[in-house]
Each structure stands twice: as C-alpha cells, then as structure tokens.
1. Any chance you could get the radius of gyration and Dmax over the Cα atoms of the range B:49-91, in Å?
2. Do any GluC sites (Glu not before Pro) in the range B:42-80 lie in a loop, going by DSSP, with at most 16 other beta-carbon atoms within 10 Å of their beta carbon, and if so which?
3. So, with a 1.4 angstrom probe, what is the percent of accessible area on the range B:35-147 that is carbon and sulfur?
4. Quote to one decimal, in nm, the extra length available between A:ASN52 and A:THR91 on full extension: 0.36 nm per residue of separation minus the C-alpha distance between them.
5. Any idea how many Lys pairs in chain A come in under 30 angstrom at the alpha carbon, given 8 or more places apart or on separate chains?
6. Just tell me the longest site-free run in chain A, where the sites are GluC sites (Glu not before Pro) in a DSSP loop having at most 16 other beta-carbon atoms within 10 Å.
7. Could you pull the accessible area for B:LEU85 with a 1.4 Å probe, rounded to 10 Å²?
8. Let a ≥ b ≥ c be the square roots of the eigenvalues of the Cα gyration tensor of the range B:35-147; is it rounded (a/c under 1.5), or, if not, prolate (a/b larger than b/c) or oblate?
Amino acid sequence: MSDPMRIRAAVKGEKVEVKILMSHVMETGQRKDAEGAVVPAHYITKVTASCNGRDVLSADWGPSVSKNPYLSFRFKGGAKGDKLKVTWTDTAGDSRSDEVSIG
Amino acid sequence: MMLERRRFLQRLGHTGLAALTIASGLLPRLVRAADTRPAFAAEAIADALKALGIANPTKSDAIHFKAPDIAENGAAVPVEVESTLPGTREILLLVEKNPHVMSASFSFPDGTDAYVATRVKVAESSLIHAVVKTDAGAFYTDRLVKVTLGGCGG
C-alpha cells in the first residue's frame with residue numbers, strides 16, 4: 001500500500017488553504033528501464049477533496065503530473081477543527097484516502 | 001416470439017454495455033457531468049479541446065498563470081493558475097510538446113477559489129496552456145517554459 005499523503009489545511013482569513021503532497025510514482029508508460037523494456041503506465045487519474053463531507057475540489061489527472069504530486073488549493077466555508085479528506089485513485093485501481101483536521 | 005425478442009435484447013444489452021465499457025468512458029460518464037478522460041489521449045491541443053467540447057477559447061488577461069521561464073528539471077515544473085473570471089468552473093493544464101498534451105483538469109464547486117498550484121512534467125521546451133471554463137465560455141492564457149533537462153526521464 002502506498003505511503004500516506006502529507007496534508008496541511010490551515011485557516012487563512014475567511015478561507016482554508018490546503019497543501020497536499022502525495023506519494024506516487026506517476027509512471028507515464030513512455031519510459032524504458034535499464035534493459036530497454038517499457039515501464040508500464042501507473043499514475044493517479046482522479047483526486048477529490050471534501051470538507052466535513054462537502055466536496056471542495058475534484059481533479060482529473062494524466063501521466064504528466066509530476067511524480068509525488070503536489071497540489072494546493074483554497075476554499076471558503078471551512079473552520080478550525082473541520083475534517084478535510086483527500087482521496088486519489090490510480091490506473092491500477094488502487095486508491096488512498098487521508099484526513100486531517102483543519103488547523 | 002416474445003421470448004426470442006427478450007433474449008435478443010438481453011444479448012444486445014450485454015455485448016453493447018461491455019463494448020462501451022471497454023471503449024472506456026461509459027462508467028465515468030454516468031457519474032460525472034463532463035468526462036475529461038478522452039482528452040487525456042489527445043496528442044494535439046486542438047484535439048484535446050475538441051474532446052472537452054471547447055471551441056476557440058478566448059485569450060484572457062484575467063487568468064494569472066505563474067510558471068518559470070526556464071526550468072532546469074522538466075520532471076517537476078511548478079505551475080500556479082488563478083482565474084478572476086466570474087463563474088470559473090474548471091482550470092485545465094495542457095503542455096503543447098508533451099506526447100499527450102493534457103496534463104490535468106481541476107473543477108471547483110461553489111465556495112472554492114478558482115486557483116490551483118501543482119507540478120507538471122514538461123518533455124521539452126514548450127508552451128503551457130491554462131484553459132479556463134466559465135459559465136460564459138472558455139478562455140486561455142499560455143506561458144513558454146524552456147526546459148534544460150527533459151521531463152520524461154522521470
């Protein structure tokens with residue numbers, strides 16, 4: 001199973017600023033290994049974020065999002081202590097969710 | 001007669017659904033308003049935009065797009081897009097010279113800023129397009145990023 005995401009969600013004025021670092025190879029399927037064999041594609045295709053169950057972001061990705069993806073966004077209507085949950089799904093059908101309290 | 005018809009319809013239903021599922025897109029289409037997946041297979045900006053149902057986006061100064069002029073490492077080029085266009089629903093990132101141009105799409109529910117920061121791979125020096133879908137249509141801006149080390153090596 002993949003490593004947990006590092007998520008920082010903090011109230012800044014009337015908004016919540018979110019910064020996420022995911023752990024994923026984001027393999028494009030274009031790259032060859034030392035023996036010249038194509039490394040099969042393996043990348044995150046979908047990312048969603050919700051705050052206390054309310055959707056705050058949805059993203060569709062291709063293989064050209066960088067390895068160990070970084071993502072930052074901002075939303076209104078979140079308060080200290082609210083739960084921010086982030087979920088990704090990849091081409092292998094794996095998915096991972098992590099949750100933090102907004103600080 | 002009725003039985004035959006039913007069997008025929010069942011078979012049609014099964015094979016039809018399987019074929020569509022294999023062709024990818026049906027399942028996501030059922031749960032999402034706009035399916036962006038086909039756009040990710042496009043090799044040219046125009047084809048990607050067509051797959052997204054976007055025709056002739058208007059160039060706009062209301063899209064603030066930050067990206068480095070020169071990126072030493074094409075594997076991780078920081079990009080930041082903010083749209084001040086009213087009714088912004090989606091921001092799309094497309095890298096013109098990548099094997100597949102479409103990099104990412106972000107959609108913003110009400111209450112979320114039309115802002116996103118991430119990092120993308122850029123295979124070679126290329127224009128990066130930030131396309132914004134609003135209630136009033138599609139807009140874009142672009143930035144040229146020169147890459148000294150390509151992004152496909154991982």
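1. Rg and Dmax of the range B:49-91, Cα atoms, are 13.3, 36 Å.
2. In loop regions of the range B:42-80 (DSSP not H, G, I, E or B), the sparsely surrounded GluC sites (Glu not before Pro) are B:GLU43, B:GLU72.
3. Carbon with sulfur: 50 percent of the solvent-accessible area.
4. Extra length from A:ASN52 to A:THR91 when fully extended: 11.3 nm.
5. The number of close lysine pairs in chain A is 29.
6. A:36-103
7. 30
8. Oblate.
The values are calculated or read from the model by the stated rules, or taken from the named source; none is laboratory data. It should be emphasised that the depicted structure is a prediction, and the values quoted were computed from it without experimental measurement. Counting neighbours? That spans all protein chains shown, and the Cβs are built from the backbone with ideal geometry, glycine included. Protein only, heavy atoms only, side chains kept; ligands, DNA and RNA dropped before computing areas. Shrake-Rupley method; radii C 1.70, N 1.55, O 1.52, S 1.80 Å.
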